[in-house]
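To start, the structure under review is shown below, and the notes come after it.
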């Protein structure tokens, strides 16, 4: 390996040229062929039973997410201007290419099932806008008398009316969203206020704005990293080269993705962050080593210094890159495709960074010459910096402190971890005072809720007409009533029961006592037939299937967070035995439910891969250092770092979500680098000195220095993310910084102490003295 | 003998020739009127099997015994469900007026033992939840559309007139329809319906017709809603024409009495 690197050094121009050429090609590929995946369904494992069922149910019942437009008037919506706005907006949405004609609901499209002296009528609430006082009053009465719209499409106080436009998952674009906002804004007047919300908006904004925010923040992160690199290394050349290594690795990783036609997923946007945090390490360790070498060998020439750098450092750089890559490759066990890609391409990026560090940096240094060495630091006799000496002394004198500290931290983290909760909410990722959250809260205040949970009651293929049986229908009704009254988060629910109760009532002279499920199967069947004759049978298709073997109950929730959804699921599932007895199974569908399952899947995969990567890394380290105890000790800092990460999240009430969960990979990726560098240097020093204390001191001086540089540089850079407008990006910044810090501290304290406690690497040296 | 044959041949040739010339000169409107006024008897009694099929192939089958009587000013019909069991004896009555005013409709639900009026806003309502509207079933008056004759075509071996009809009312359910009419029986054997945006919405195909008591009666037809991919198949059995169905058949009392 060393000889290959040396041979390459003979042709620096060729190496540089080749590196640039490939980077240029992949960079072009990246800028031209990169595609962003915004359809969240593409993220889900298509063969997971929950998703298969949900997708099927979505097709059966036409379950789609709706854009919710709230039209409000200070006094009431029952005036010609507001009613006309409702009408014209409804018509405009219907004509949009992204929206199906039948997928828009509002008071203007709603059907009014009424009883009159004639019997049953299914009418429109209005087709031409009523002008007279009397007509407006009777419209208001019609709405207030109809449970199917009162409090559902028009608020109970009559001040807000909704237009819901359901769209397919894959049509949302920023242009479409802006178009909707424009259309709505154009219809606003002094009295009429219009707001837009709904899951497609939340998901879409999330998918589009989060990366956009990251794009804005990343340059600032980079600038700060560059500045702090320069402050630490005191060399412009070294700083530029290190940054180039990182940039090239990012370009290669993304370029390869583009070349293979793999789109960018939301998780992929974490890749640059990961690669920066991990990639700078190689450069820092190389350059830091060279600085120390030149301090100690002031007379050394360019070639000699570079040869020493690569000769000395290729091994730890290779080892760290391999261990880190293995850590990321363990994400291949995830069931979620984007996570697998994330793992593979981050691993690829890490290996690229290694290649560049070992080939590109030396070659470039050969060409442009060595950086100027820091002046005035080489005067000291001892080759150990006083700070390193003090630190080593401090740590090794108070070993108990490190061990006790680690123990306390582990216990605290374990306690904190108990409080960690999982959140699949999209809304919670936005600022509390953002428009999106405010509008959502506003609609939740007036209506059932912006989040839909679909309960699919399934009597199977042969369950013909089960949903005409009063027994089943009454149980459904009971379930609806109980869940609605018991849980504040559930605002409304809607199913075939609501149609039947309404029809039963209007067929009995609007008597409230008949607002119940019809008594016999025949009555149910005949009402349904009656409805088919005068209403739109497509409306029934949304709540019951063709054979009356499956029903769709929609619950409207005022929150999309996991706790809320789980509380509803728990309440519903209490009814499972009763339904099973009637031959009906309970299943769930819709985006809210899928989001929940999806988050659970990601976390499950993440935790699985964390464990696997830990085991693999212990094995790798044991092989590299030919001792299993080294492997175990080396894994201590990363384990502690990961534990602290989860513990802090528990105490600070930061929920686990897809972003924060992936961050534990950083803990391992970075933490293991520190440990490997330290172990490798410790081994070299142990061999050279045969003295435990001296070895510790020298290692601290060499590797401790590089590690602290690395930590300071990355922390400085990522703290910038604390100023991001997106809470998840802020959490990202804080957690990356924290991971860097704990890995750094853990390696230099507890790991050193544990190493010192053993006689590792000193086996063959009988003269080694104990501290 | 010879003369007789020659005369007959001449008669055949002349009628055929006359018909051909007449047909050649018929306008689209005239053809549609021929179809609209095609005699179908004064009353009819039959069993109707209506099969609704959705895009997944699920079926809903309904069996109905129906009676119809044309009283000139008003055409009355009454239908009794005989299957499925949970709607048996449900009955439905429709009075359709020649002057074009809204139909009167009643339904009787045996489960609540009550006859109810159904108010239908227009003739574009679905007939019993099927893909047919009342208009599609032959209620639409020729004067409601403008008609244009297109070049004749042959479909399924039948020589057909082709007429394109456009609604005079721009808000009508269909912007236009194209009808293929069998020149021999004057039965519209195929019809395409285009929605307000001009896209194909439905296709009606007549699969079978029978000559019963001197009238050509459509006994098997299918309406395919291509946008929803939903079909309705209507099959008529035991058709009896001009048996003298009593006018007393079409009353609310009969609805609740059942068959």
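The values are calculated or read from the model by the stated rules, or taken from the named source; none is laboratory data. It should be emphasised that the depicted structure is a prediction, and the values quoted were computed from it without experimental measurement. Because the Cβ atoms are built from the backbone with ideal geometry, glycine has one as well, and the counts that use them run over all protein chains shown.
Give me a count of the residues in segment A:168-194 that are out of contact with any strand residue (DSSP E or B) (no Cβ under 6 Å at 6 or more places or on another chain) and either closer than 16 Å to residue A:444 by Cα or part of a strand (DSSP E or B) (or both).
So the answer is 0.
Can you go through B:156, B:238 and tell me which one is touching a strand residue (DSSP E or B) at 6+ places or on another chain (Cβ under 7 Å) and more than 18 Å from residue B:142 (Cβ to Cβ)?
Of the residues listed, the single one that is touching a strand residue (DSSP E or B) at 6+ places or on another chain (Cβ under 7 Å) and more than 18 Å from residue B:142 (Cβ to Cβ) is B:238.
Quick one: residue B:109 ticks every box in (1) within 14 Å of another protein chain (Cβ to nearest Cβ); (2) under 30 Å from residue B:143 (Cβ atoms); (3) free of Cβ contacts under 8 Å to residues at least 24 places away in the same chain except a single one, so which number is it?
(2)
Determine, yes or no, whether residue B:103 is more than 9 Å from chain A (Cβ to nearest Cβ) and within 12 Å of residue A:533 (Cα to Cα).
no
How many residues does segment A:330-358 hold that are at pLDDT 90 or above and either closer than 26 Å to residue A:234 by Cα or not in a helix (DSSP H, G or I) (or both)?
Qualifying residue count, segment A:330-358: 8.
Do you know which residues across segment A:94-107 are under 11 Å from residue A:164 (Cα atoms) and in a loop (DSSP other than H, G, I, E, B)?
Once the filter is applied, which keeps residues that are under 11 Å from residue A:164 (Cα atoms) and in a loop (DSSP other than H, G, I, E, B), segment A:94-107 yields A:106, A:107.
Could you check residue A:57 against (1) surrounded by 20 or more Cβ atoms within 10 Å (Cβ to Cβ); (2) closer than 28 Å to residue A:177 by Cα; (3) free of Cβ contacts under 8 Å to residues at least 40 places away in the same chain and say which number it fails?
If we test residue A:57 against (1) surrounded by 20 or more Cβ atoms within 10 Å (Cβ to Cβ); (2) closer than 28 Å to residue A:177 by Cα; (3) free of Cβ contacts under 8 Å to residues at least 40 places away in the same chain, just (3) comes out false.
Across segment B:97-125, which residue is modelled with the highest pLDDT among those that are within 29 Å of residue B:31 (Cα to Cα) and touching a helix residue (DSSP H, G or I) at 6+ places or on another chain (Cβ under 7 Å)?
Among those residues, the one meeting the criterion is B:125.
Find the residue count for segment A:502-525, including only residues that are part of a loop (DSSP other than H, G, I, E, B), more than 12 Å from chain B (Cβ to nearest Cβ) and farther than 16 Å from residue A:476 by Cα.
Of the residues in that region, 2 qualify.
If you check residue B:132 against the conditions, is it within 30 Å of residue B:255 (Cβ to Cβ), within 14 Å of chain A (Cβ to nearest Cβ) and modelled with pLDDT of 85 or more?
Taking the combined requirement at face value, the residue satisfies it.
Could you list, ordered by first residue, the pairs with Cβ atoms under 7 Å in which the first is in segment A:286-300 and assigned to a helix (DSSP H, G or I) and the second is surrounded by fewer than 16 Cβ atoms within 10 Å (Cβ to Cβ), at least 6 apart or interchain?
So the pair list comes out as A:291/A:374; A:295/A:377; A:295/A:378; A:296/A:383.
Tell me which of these residue B:85 doesn't satisfy, since it passes every other one: (1) in contact with a strand residue (DSSP E or B) (Cβ under 7 Å, 6 or more places away or on another chain); (2) at pLDDT 90 or above; (3) more than 8 Å from every other protein chain (Cβ to nearest Cβ); (4) under 26 Å from residue A:525 (Cα atoms).
Here residue B:85 meets the rest and fails (1).
Looking only at segment A:526-578, count every residue that is away from every other protein chain (no Cβ under 14 Å), modelled with pLDDT of 90 or more and farther than 15 Å from residue A:488 by Cβ and tell me the total.
Of the residues in that region, 13 qualify.
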